[in-house]
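One structure is given here, and the rest of the page talks about it.
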Amino acid sequence: MASLNYNRPAGDGNLYIVKSDNRVELFDANKVVVSLIKSGVDYRLACDIVDDLQYRVHDGITTKALRTILLNIIDQKSPDAALRYKQSHEMYVRTSRGTLEPFDYKMIENSLVKETGITQESAMHVAKEVEAKLRKLKVNYLSAPLIREIVTVQLLEEGLEEARSKYTRLGMPVHDVTHLIEQGSKENANLHHNPETIHKFAGDQILREYLLVQVLPKHIADAHMRGDIHIHDADYFAVRPNCLQHDLSWFFENGLRVDGTGKHTSVAAPPKHAMVAALHAAKILASSQTNMAGGQSLDNFNIFMAPFFTGMSREEVKQVAQAFVYEMNMQYVARGGQVVFSNVDIELTIPKYLADKPAIGPKGKVMGTYKDYQDELYTFTDALLDVFIDGDALGKPHLFPNVIVKTRDSAFKDPQQKELLFKVHQLFSKYGTPYILNMLPDWQHDAVNSMGCRTRLSGDWADKQGYENPGMSTMRTGNIHYNTVNLPRIALEANGNDGKIFEILDSRLDLIREALEIKHDLVKKRLYENQILPFLTQKGRHGEDYYRFEDLTHTVGFVGLNELVQAHTGSMLHESQDAYDFGMDVIRYMRDWADSLSDITGWRWTLTQTPAESTAGRFARLDMKAFGARALVHGDRNTGGVYYTNSSHMPVDADISLFDRAKMEGKFHPVCNGGHITHLFLGEGTPDPAGLMSLTEKLCRNTSMGLFDYTRDLTTCRKCGTVAGGLLNSCPNCNANGKDLEYYSRITGYCQRIGSGDSAGGWNDAKIAELRDRKRYCIN
Ligand SMILES: [Zn+2]
């Protein structure tokens with residue numbers, strides 16, 4: 001025994017045991033007997049076991065060896081007793097690998113070093129403290145998550161806060177998972193309650209928490225949680241960029257690899273037929289969204305399709321248009337089981353900047369220039385609009401893709417274009433689904449596009465960068481991300497002090513900038529280092545990347561300008577010129593900030609009107625909590641269904657004429673270069689398309705609106721297929737009610753089902769409150 005490396009009173013004749021931490025303890029036979037009895041072994045058997053044990057232990061034996069010998073003896077005498085003893089004396093862990101293993105503090109120690117970077121010594125200390133706590137708890141079966149929770153508490157007690165956030169586990173309370181499975185979530189009206197969305201929301205939750213504990217610095221995460229700012233798409237922040245305007249002609253030239261590489265799927269050569277071209281377009285929108293957080297859009301959709309229709313009858317052309325629209329509304333397979341959030345920008349004529357460009361036709365061959373295809377453009381656009389006007393087999397509207405109609409001066413003069421524009425207004429009149437992109441104002445570039453989510457890309461950037469083709473800044477690129485400032489809160493904090501408003505705004509903009517810089521670096525890493533966005537990095541035949549990373553917009557958005565000026569000046573935007581002018585100052589200030597960042601960083605920074613489907617409600621709720629009655633929220637304070645006015649819109653219930661609303665909101669559009677929109681809510685009944693079209697001309701010529709829509713509330717009857725304006729209690733044709741009726745309206749950037757006569761749909765409480773308050777205009 002001379003070789004034993006421990007301290008004990010020498011030569012006292014007792015047996016000493018060496019514990020796992022090298023401490024030494026006297027072997028006590030009585031203690032063993034007691035512990036055997038405690039585990040359920042009867043007294044006689046216990047004494048018998050300990051008798052045997054005493055012969056087989058030697059001085060200096062380790063606890064581990066002693067336990068092995070003891071278990072062997074019990075097992076020989078009574079396997080049942082051995083099992084009971086094991087269960088009551090060892091801590092077993094249900095590991096995340098699905099195995100049952102004896103507890104070993106070393107596992108904690110090692111994982112702490114690996115995951116948090118704290119010293120081995122400090123990790124051992126934490127691990128042993130945790131073991132002591134667990135033994136005190138007398139838990140027989142431990143789970144890995146439980147141990148992790150106790151370790152994180154221990155880390156906090158030791159003041160190791162940073163290590164704690166690295167070591168913590170991300171996930172959901174059991175109760176929330178049950179609720180999610182049984183009730184669903186109302187975060188996004190486009191996501192319905194189904195098995196796929198349950199998985200999506202569960203996964204989203206983890207990535208959202210990951211963002212807050214790991215990706216964003218604490219001061220930004222806190223500002224988001226407090227509601228000073230809103231970090232959008234938290235679930236996708238760490239992995240995906242936001243949205244993308246596609247260039248269909250690029251795929252018509254290069255062929256299609258839906259996985260980006262052609263390794264996992266069939267690869268298609270450039271299409272030969274119009275039908276295949278249209279199906280490729282649908283596949284592009286569907287497969288690219290697997291790499292993206294937001295909407296997918298095809299700019300110049302009808303122009304790039306036009307060369308494929310050469311020599312086809314109108315009937316054949318309509319068949320192609322129909323196939324495309326149904327594809328986009330029936331591929332119920334996007335992120336978590338929804339249809340793809342999609343968008344097409346169409347032209348009524350060939351714009352100057354595309355007119356002399358080589359037209360890509362069947363098999364990727366150049367067939368003259370795009371200006372040669374005005375007739376095909378007309379036929380296809382006419383057919384496409386008819387498909388939308390027809391609705392689906394039940395008479396319901398096709399909700400996707402959003403159709404953005406670029407409306408130029410000639411649209412009101414040229415007979416053919418006027419015919420098309422009239423159809424656009426028939427569609428407005430029936431379903432209220434399209435959008436007018438007003439190309440008339442002087443500030444509008446010849447090359448510009450928009451999405452229903454309102455991300456806007458303009459050729460200005462190409463001019464500024466010296467690109468020969470303005471399309472290089474409007475296609476194959478998009479928005480990398482946008483974050484939103486809670487404007488009303490700034491006024492509440494500034495307490496009437498003008499200077500203070502801009503001071504606080506500056507500090508919020510700093511946060512937004514920092515978050516967008518983090519996003520920029522992350523996306524770059526995901527694209528080129530982790531290579532997990534292969535759709536975007538696929539290469540064309542000249543070796544170029546499809547995705548134009550260098551032209552992505554980095555965007556700041558805002559909510560509640562109206563409530564900011566109201567809190568600051570005492571009047572809402574539409575109530576006094578001073579209030580309005582001050583609001584404009586705030587928005588111009590933010591635009592100047594974005595412009596100056598573009599100059600400083602060389603990246604593209606823009607200002608957008610945040611769609612705020614859930615942010616308008618979230619900010620209002622948080623401000624009501626923090627500022628009580630001072631928070632000037634709309635909606636119902638008692639139920640919590642409160643909201644702020646979106647972006648720089650006039651309040652939805654403002655008692656102003658449609659034209660005044662358009663004028664006042666329109667002045668903000670050129671300032672908000674990253675995205676803007678005005679919704680004009682129409683009242684019940686069916687507006688006359690011709691009247692609506694002349695209103696459009698008046699609005700295009702006399703206001704500064706860049707993008708607007710007429711939003712209709714609709715009731716559709718599942719029984720007889722009637723579509724009627726307004727949210728009705730019964731079908732005006734067959735009197736059906738309850739579950740036979742479906743309600744629709746535009747939520748923010750897209751039309752969506754509100755619910756049916758007997759159950760709610762996907763709209764959140766704040767948006768339902770806004771829907772109730774909307775002032776609706778009658779045109780006729
Ligand atoms: Zn009916």
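Some observations on this one:
- Selection status of ASP521, surrounded by 13 or more Cβ atoms within 10 Å (Cβ to Cβ) and under 22 Å from the mean Cα position of the chain (by Cα): no
- Criterion (touching a His at 6+ places or on another chain (Cβ under 7 Å), small (Gly, Ala, Ser) and within 30 Å of ILE754 (Cβ to Cβ)) met by exactly one of GLY203, GLY184: GLY184
- Within region 357-395, the set of residues being β-branched (Val, Ile, Thr) and either out of contact with any helix residue (DSSP H, G or I) (no Cβ under 8 Å at 6 or more places or on another chain) or surrounded by 17 or more Cβ atoms within 10 Å (Cβ to Cβ) (or both) comprises ILE360, VAL366, THR379, THR381, VAL387, ILE389.
- Scope region 691-741; condition away from the ligand (no atom under 12 Å from the Cβ), under 19 Å from PRO397 (Cα atoms), not aromatic (Phe, Trp, Tyr) and not in a helix (DSSP H, G or I); matching residues: ASP709, THR711, ARG712, ASP713, LEU714, GLY725, GLY726, LEU727
- GLY641, sole failed condition from (1) farther than 14 Å from ASN764 by Cβ; (2) at pLDDT below 95: (1)
- Cross-chain or 6+ apart pairs with Cβ under 9 Å, region 540-564 first and on the phi > 0 side of the Ramachandran plot, then part of a helix (DSSP H, G or I) and modelled with pLDDT under 95: GLY560/ALA616
- Residue match in region 601-616 (condition: at pLDDT 95 or above and part of a helix (DSSP H, G or I)): yes
- Residue that is surrounded by the fewest Cβ atoms within 10 Å (Cβ to Cβ), among those in region 336-356 that are assigned to a helix (DSSP H, G or I) and hydrophobic (A, V, I, L, M, F, W, C): ALA355
- Taking the criterion of being assigned to a loop (DSSP other than H, G, I, E, B), touching a helix residue (DSSP H, G or I) at 6+ places or on another chain (Cβ under 9 Å) and not polar (S, T, N, Q), the residues of region 235-262 that qualify are ASP235, TYR236, PHE237, ALA238, VAL239, ARG240, PRO241, ASP247, GLY255, VAL258, ASP259, GLY260.
The values are calculated or read from the model by the stated rules, or taken from the named source; none is laboratory data. None of the values given here were measured: they were computed from a predicted structure. Note that each Cβ is placed from the backbone with ideal geometry, even for glycine, and that neighbours are counted across all protein chains shown.
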